[in-house]
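Student: This is the structure, below, for whatever I ask next.
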Number of protein chains: 2
Amino acid sequence: MQNSRTISLSGVLMIIDKRDFDFLFAWLDVDTLLNRPRFCHSDRQIVDAVVSLACDLGEGELATHLRASDMVEPQLNEAGQVHVLPAVTKAVGEIADAGIFGMVFDEDEGGLQLPHIVYAATMGVLMSANLGTASFLLLTVANARLLTSHASRAQTTQFALPQIAGEALGTMCLSEPHAGSSLGDIRTRAVPDGRDEFGDRYRLRGSKMWISAGDHDVTPNIVHLVLAKVPGANGQLEPGSGTISLFIVPKILPDGQANDVAVAGLNHKMGYRAIPNCALNFGEGRARPSGADGAVGWMVGKPGQGLPQMFQMMNEARISVGLSGAMLAVRGYQLSRDYALERLQGRVSGTAAEPQVPIIEHADVKRMLLAQKAISQGALGLVLFSARLLDDEKTAETPEARSEAATLLALLTPVTKTWPSEWAQLSLHYALQIHGGAGYTRDHDVELLYRDNRLNPIHEGTTGIQGVDLVGRKLRRDGGAAFAMLAARIRATVERAEGMTGLEGVGAQVEMALASFEAAVAVLLAEPDSRTALAHGTPVLFALGHLVVGWLWLDQALEARHFLQDDSSAFDASFLQGRIRACRFFAECELPKVSVWLEPVLASSDIVLSAPVSEF
Amino acid sequence: MQNSRTISLSGVLMIIDKRDFDFLFAWLDVDTLLNRPRFCHSDRQIVDAVVSLACDLGEGELATHLRASDMVEPQLNEAGQVHVLPAVTKAVGEIADAGIFGMVFDEDEGGLQLPHIVYAATMGVLMSANLGTASFLLLTVANARLLTSHASRAQTTQFALPQIAGEALGTMCLSEPHAGSSLGDIRTRAVPDGRDEFGDRYRLRGSKMWISAGDHDVTPNIVHLVLAKVPGANGQLEPGSGTISLFIVPKILPDGQANDVAVAGLNHKMGYRAIPNCALNFGEGRARPSGADGAVGWMVGKPGQGLPQMFQMMNEARISVGLSGAMLAVRGYQLSRDYALERLQGRVSGTAAEPQVPIIEHADVKRMLLAQKAISQGALGLVLFSARLLDDEKTAETPEARSEAATLLALLTPVTKTWPSEWAQLSLHYALQIHGGAGYTRDHDVELLYRDNRLNPIHEGTTGIQGVDLVGRKLRRDGGAAFAMLAARIRATVERAEGMTGLEGVGAQVEMALASFEAAVAVLLAEPDSRTALAHGTPVLFALGHLVVGWLWLDQALEARHFLQDDSSAFDASFLQGRIRACRFFAECELPKVSVWLEPVLASSDIVLSAPVSEF
């Protein structure tokens, strides 16, 4: 089939249909973005070259060890060192050599100073090839971004620049065995230990859990960013999150000594196995830097600022999680579409004597493919839209525009993290269904994508936590101003769709979903008991996700329609019509769910909250 | 917590809350069923003893090797023999020793002659402990049931009775590499080879795919039931399914010779690993029984009857698949409830100085538990209701009642197979979410249940195939008479709920869903083009599933209400109120989805069917 892009003419595995990024970049007007002062040294050719390079790396270095990295998990040896698959080490090195770790950083930090949206596309390509391997990049960039925002110049030079160059990798160490979502309860202690060129020095002692890339042999050094508390005068840790500070704790100290950081164990995961996930002990005495136990660390910024600082990193990591969900869904769509084009089975009509047809001819397979496309491209559109907001927050022309982007991004972050994560799982469910029994075997990658993505609704704040963030904070802030701003943007798109055949119905569905959501927000804002409001967190989050994705689909469809009428468009008509169909499918089959999720909110239902524990 | 039943006083793992079965047996009036002539040798005490025995076996023999059977997959050795984990062999032997293989068979066949609903509960208990191991039972009973229905006396004695005794295990061999769902395309040939005491003998040659328990060392012999075609006078196989016949092909022939059946390979599955899944070659010459190649087999019944005969087995197997989905969901609920009762994290309100609370106190965790309960117990109710119909089909007092049960069961079989399979996956998704990061590791069983259940929407006919069965056959048959009968039963339950506080609203939701579904059926029956109707198969199947589960929940809630008003009830009030709450939750949060799924049907949407392949 001419539209099957999986195998190129030269027989190389093709994991990306570049038309998708070309279209989304056009829709989100990346060319104009590139004219802003921060990016004007760059141009569209450079951007395309970087994305192409990522495609080559993804296909040549990352996708090639996808199955191997699942079969051969990271190993912890008797000396307490973690070894990863050599192919992972090699691939991360290639990503570093390509300069991808430095894409969003300033030129004077050794970066390429490119927009976030371009970095998102680049990282997304790598994620769709091998999520675990690409995650070394994600964490390291987020770590270095935090340092360049909050650390001193000496700290940045010592600990961020090697990460920007891809010569050291980063982690974030938040959770502890008894403190997962509830970070105020952490017990890791940081005791003052003097001061040196990198600032106030401390000795840290405590156990951290769920540390991705917590140890490995990909790079010699690892830069841990660790949340800990400094004991008060009475030697006790104060409860709550207001006393959490942030510390840089490198695996190898600047003077070359090993730090007192030990791997307590590896977590054996359902998927996502190219990257190790560790329990780490800080200060258990495994090493004795400068003759004493305790992990040596330097405080970043001021005491008690750990959580707000970490949240910058978390918020960007949340967008990256959404990106990975979107890209696994995109990859799953490609695999099941290609399978459906090749696999012969049954007949659409006619007699048994006729040859079997490709299963893409069966309506139910088409339905699943359409659902996969609506979810995966809808998710990708949402994530790139958010990445563009991140660029606008930093580089938009006016302070008002920057502030507006920041407000919108804060509102959309829980949606951008959750919606792709949760719906990618359904999309990948369809990818397995289309493969039939074969999809359940390790002979096909869809089962692996399904296992890999299953972490996404959990890490960087579960779906439930995102719901609490949305309903408890983001929707309430400034009396609901952020949502009002979003609603105005949505209405503007609906108005543009008026009178346009095929899209008018979509506009009506978006408008209906918006009206439901506005009514629900009114109920939530009027609710005096925050527990009642929080009980609706997840359904409200799902509803907002559908509303926003439906809106962005409509906006994309308007763009596709525009290109259809433009004879000079680089996009062929079936590609554009396919996008419009995916938009219509989403509006018809998915958007009506918004009111189902919101019904219990509008009825102020207490069925969940009033359930006594004894009934379970 | 007093309601946590996972660990008994003696410290033994408890995988079943027997109150669930006590309640469902009361609701489905098993005591009255036991008074029927076929079952009157038995009584409730015997039934309870069998279910208790299954609980002991499940806890003591099956659950104990759940993780091991996932870690150590079945192995194919160089001699072409499949070895399973020794614990699997031991557990299947214990199930056989307990007489469970013979539960539903006649006493003169060596069976216990117990109702299907009791067998379903018994098998369900074993499935919740270890689905893969329990599946040896499922397949063998289905195989022997087919033989006792269709095979000759000599065939039954030779091939069914050892299975009823659990001394040989059975398979069904339908699919071939190029013929999965499209069985009319099978190419396995059966050539006449004389006649003996077991009937017309044939030599079979062909490749079969996806054969669960296709080879193993659990029992010395394996009884394969194989679909194949007898060539016509021209030596060719006729296309289509009308020429498919059914053959008994034992691994070891009655005279002790090895048959010409070879394992071509093992499928490496995402889960469900206690039971091997094989590609089998028949007649490749690996063995030469009586000096010639070709697998020796005997035809069951008449030529061309293979598919209808196999469908009896398939229909019962489909109910068993639904059962396994329900029971994995039940197990997932128990595990996440117990985790939520023990895991301390965060606070509901108050200050950070207060101790952390069990996460079951958080509204979003409660919401997920309630959803899990509504799904898992709703699914179990649906499956046991269908098993009861299977009993009624055979033993109801009047021919009319038997015929009505058969009609209803035929209509509900695609729902009973699909609904628990699909929704269990969502229920287990919540079970993982409640465990947080821990749920994604192999330290907890929920990730394994999630992988195990993922096969259920695929095997024994994918969800898409079930949708085609429902829309293309079951709903159309006799001008929609079966659905009209179902609708009358649903309305009767709704009427019983009138005026009952707390359940009136549920009745209204059920009534609304029913009205939507009736309207959709009218559209489907009037649709002249069957392709258009079939394109809506899966959404219609989902809608009927929700409608039926909602109806059965309402019926269960009426029963719970009855017990609440009965001082002599054996059930405590929180148990009963918990059931009523799960019913209300389902009505409030799930039933409104019925109209969302049906909207495109009512609008005769062609968005899926009209999509050209070039758009994908």
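The values are calculated or read from the model by the stated rules, or taken from the named source; none is laboratory data. Model, not experiment: these values are computed from the prediction. A quick note on method: Cβ atoms are made from the backbone with ideal geometry, for glycine too, and the neighbour counts reach across all protein chains shown. All accessible areas refer to the heavy atoms of the entire protein, side chains included, with ligands and DNA or RNA removed. Shrake-Rupley method; radii C 1.70, N 1.55, O 1.52, S 1.80 Å.
Student: Scan the stretch B:495-504 and give yes if some residue there is closer than 23 Å to B:Ser530 by Cα and in contact (Cβ under 8 Å) with a residue 12 or more places away in the chain, otherwise no. Before you say what the answer is, go through the steps one by one.
Tutor: Start the filter on the stretch B:495-504 by keeping residues that are closer than 23 Å to B:Ser530 by Cα, which leaves none.
No; the residues of the stretch B:495-504 include none that is closer than 23 Å to B:Ser530 by Cα and in contact (Cβ under 8 Å) with a residue 12 or more places away in the chain.
Student: Would you mind stating whether B:Thr140 is in contact with a strand residue (DSSP E or B) (Cβ under 9 Å, 6 or more places away or on another chain) and open to solvent by less than 10 Å² (accessible area, probe 1.4 Å)?
Tutor: Values: in contact with a strand residue (DSSP E or B) (Cβ under 9 Å, 6 or more places away or on another chain): yes; open to solvent by less than 10 Å² (accessible area, probe 1.4 Å): yes.
Yes.
Student: Quick one: which of A:Asn259, A:Asn267 is farther than 23 Å from B:Ala352 by Cα, open to solvent by less than 50 Å² (accessible area, probe 1.4 Å), within 14 Å of another protein chain (Cβ to nearest Cβ) and at pLDDT 95 or above? So that I can check it myself, show each step before the final result.
Tutor: Values: A:Asn259 fails: within 14 Å of another protein chain (Cβ to nearest Cβ).
The unique qualifying residue is A:Asn267.
Student: With more than 22 Å from A:Arg145 (Cβ to Cβ) and without any contact (Cβ under 8 Å) to a residue 12 or more places away in the chain as the only criterion, which of A:Asn267, A:Asn281, A:Asn259, A:Asn234 stands out?
Tutor: None of the other options fit; the residue is A:Asn234.
Student: I've got another one for you. Hey, among the residues in the stretch B:510-547 that are of a type in the set (Val, Ile, Thr) and open to solvent by less than 40 Å² (accessible area, probe 1.4 Å), which one's nearest to the other protein chains (Cβ to nearest Cβ)? Lay out the reasoning, then the answer.
Tutor: Pass one, the stretch B:510-547, residues of a type in the set (Val, Ile, Thr): B:510, B:521, B:523, B:532, B:538, B:540.
If we keep only those that are open to solvent by less than 40 Å² (accessible area, probe 1.4 Å) as well, we get B:510, B:521, B:532, B:538, B:540.
Numbers: B:Val510: 16, B:Val521: 18, B:Thr532: 8, B:Thr538: 6, B:Val540: 11 Å.
Selected residue: B:Thr538.
Student: What is the residue count in the stretch B:345-358 for residues that are facing another protein chain (nearest Cβ under 9 Å) and either in contact (Cβ under 8 Å) with a residue 12 or more places away in the chain or under 27 Å from B:Leu455 (Cα atoms) (or both)?
Tutor: Of the residues in the stretch B:345-358, 5 are facing another protein chain (nearest Cβ under 9 Å) and either in contact (Cβ under 8 Å) with a residue 12 or more places away in the chain or under 27 Å from B:Leu455 (Cα atoms) (or both).
This table checks each residue for (1) modelled with pLDDT of 95 or more; (2) closer than 20 Å to A:Glu498 by Cβ.
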| residue | (1), (2) |
| --- | --- |
| A:Leu534 | no, no |
| A:Pro539 | yes, no |
| A:Leu544 | yes, no |
| A:Leu554 | yes, yes |
| A:Leu564 | yes, yes |
| A:Pro592 | yes, no |
| A:Trp597 | yes, no |
| A:Val613 | yes, no |
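Student: Of the residues A:Arg579, A:Arg584, which single one is within 7 Å of chain B (Cβ to nearest Cβ) and not acidic (Asp, Glu)? Steps first, please.
Tutor: Details: A:Arg579 fails: within 7 Å of chain B (Cβ to nearest Cβ).
Result: A:Arg584 is the single residue among A:Arg579, A:Arg584 that is within 7 Å of chain B (Cβ to nearest Cβ) and not acidic (Asp, Glu).
Student: To continue, here is another question. Take the stretch A:515-536 and flag every residue that is among the aromatic types (Phe, Trp, Tyr) and farther than 18 Å from A:Ala484 by Cβ.
Tutor: We begin by selecting, within the stretch A:515-536, every residue among the aromatic types (Phe, Trp, Tyr); these are A:517.
Selection gives nothing.
Student: Across the stretch A:436-450, which residue is farthest from B:Thr538 (Cα to Cα) among those that are part of a helix (DSSP H, G or I) and open to solvent by 10 Å² or more (accessible area, probe 1.4 Å)?
Tutor: Here is the first cut: in the stretch A:436-450, the ones part of a helix (DSSP H, G or I) are A:436-440, A:446-450.
Subset that is open to solvent by 10 Å² or more (accessible area, probe 1.4 Å): A:436-438.
Working: A:Gly436: 15, A:Gly437: 18, A:Ala438: 21 Å.
Checking each candidate, the answer is A:Ala438.
Student: Sticking with this structure for a sec: Which members of the stretch A:176-230 meet the condition of being open to solvent by 50 Å² or more (accessible area, probe 1.4 Å), assigned to a strand (DSSP E or B) and within 14 Å of chain B (Cβ to nearest Cβ)?
Tutor: Selection gives A:Trp210 alone.
Student: Would you confirm whether any residue within the stretch B:124-135 is touching a residue at least 40 places away in the same chain (Cβ under 8 Å) and open to solvent by 20 Å² or more (accessible area, probe 1.4 Å)? Don't jump to the end; show me each part of the working.
Tutor: So the first thing to find is which residues in the stretch B:124-135 are touching a residue at least 40 places away in the same chain (Cβ under 8 Å), and the list is B:124-135.
Those left that are additionally open to solvent by 20 Å² or more (accessible area, probe 1.4 Å): none.
Scanning the stretch B:124-135 turns up no residue that is touching a residue at least 40 places away in the same chain (Cβ under 8 Å) and open to solvent by 20 Å² or more (accessible area, probe 1.4 Å).
Student: Is it true that B:Gly502 is of a type outside the set (S, T, N, Q), within 14 Å of chain A (Cβ to nearest Cβ) and not in a helix (DSSP H, G or I)? Reasoning before the result, please.
Tutor: On the way: of a type outside the set (S, T, N, Q): yes; within 14 Å of chain A (Cβ to nearest Cβ): yes; not in a helix (DSSP H, G or I): yes.
For B:Gly502, the condition - of a type outside the set (S, T, N, Q), within 14 Å of chain A (Cβ to nearest Cβ) and not in a helix (DSSP H, G or I) - is met.
Student: Among residues belonging to the stretch A:600-611 that are facing chain B (nearest Cβ under 7 Å) and either without any contact (Cβ under 8 Å) to a residue 24 or more places away in the chain or open to solvent by 60 Å² or more (accessible area, probe 1.4 Å) (or both), point out the one that is farthest from B:Ala573 (Cα to Cα).
Tutor: Our first condition is that a residue be facing chain B (nearest Cβ under 7 Å); within the stretch A:600-611, this holds for A:600, A:605, A:607-609, A:611.
Next cut, either without any contact (Cβ under 8 Å) to a residue 24 or more places away in the chain or open to solvent by 60 Å² or more (accessible area, probe 1.4 Å) (or both) only: A:605, A:607, A:611.
Numbers: A:Ser605: 22, A:Ile607: 17, A:Ala611: 13 Å.
This residue is A:Ser605.
Student: Which of the residues spanning the stretch B:143-163 are open to solvent by 10 Å² or more (accessible area, probe 1.4 Å) and under 20 Å from the mean Cα position of the chain (by Cα)?
Tutor: Here is the first cut: in the stretch B:143-163, the residues open to solvent by 10 Å² or more (accessible area, probe 1.4 Å) are B:145, B:148-154, B:156-158, B:161-162.
If the condition is that a residue be open to solvent by 10 Å² or more (accessible area, probe 1.4 Å) and under 20 Å from the mean Cα position of the chain (by Cα), then B:Arg145 is the only one that fits.
Student: Another question, then. Test A:Val321 against the criterion of being open to solvent by less than 10 Å² (accessible area, probe 1.4 Å) and within 14 Å of chain B (Cβ to nearest Cβ), and give yes or no.
Tutor: On the way: open to solvent by less than 10 Å² (accessible area, probe 1.4 Å): yes; within 14 Å of chain B (Cβ to nearest Cβ): yes.
Spelling it out, A:Val321 is indeed open to solvent by less than 10 Å² (accessible area, probe 1.4 Å) and within 14 Å of chain B (Cβ to nearest Cβ).
Student: Residues to consider are A:Glu316, A:Glu342; find the one that is within 14 Å of another protein chain (Cβ to nearest Cβ) and charged (D, E, K, R). Working first, answer last.
Tutor: Numbers: A:Glu316 fails: within 14 Å of another protein chain (Cβ to nearest Cβ).
Answer to the selection: A:Glu342.
Student: Here's another thing I want to ask about it. Looking only at the stretch B:384-432, which residues are polar (S, T, N, Q) and surrounded by fewer than 24 Cβ atoms within 10 Å (Cβ to Cβ)? First the steps, then the outcome.
Tutor: Within the stretch B:384-432, the first condition is being polar (S, T, N, Q), and the residues that meet it are B:386, B:395, B:398, B:403, B:407, B:413, B:416, B:418, B:421, B:425, B:427.
Selection gives B:Thr395, B:Thr398, B:Ser403, B:Thr407, B:Gln425.
Student: Give all pairs with beta carbons closer than 8 Å in which a residue from the stretch A:421-445 that is facing chain B (nearest Cβ under 7 Å) meets a residue that is among the small types (Gly, Ala, Ser) and open to solvent by 10 Å² or more (accessible area, probe 1.4 Å); count only pairs at least 6 apart in sequence or on separate chains.
Tutor: As it stands, the answer is A:Gln433/B:Gly464; A:Gly436/B:Gly180; A:Gly436/B:Ser181; A:Gly437/B:Ser175; A:Gly437/B:Gly180, since those pairs meet every condition given.
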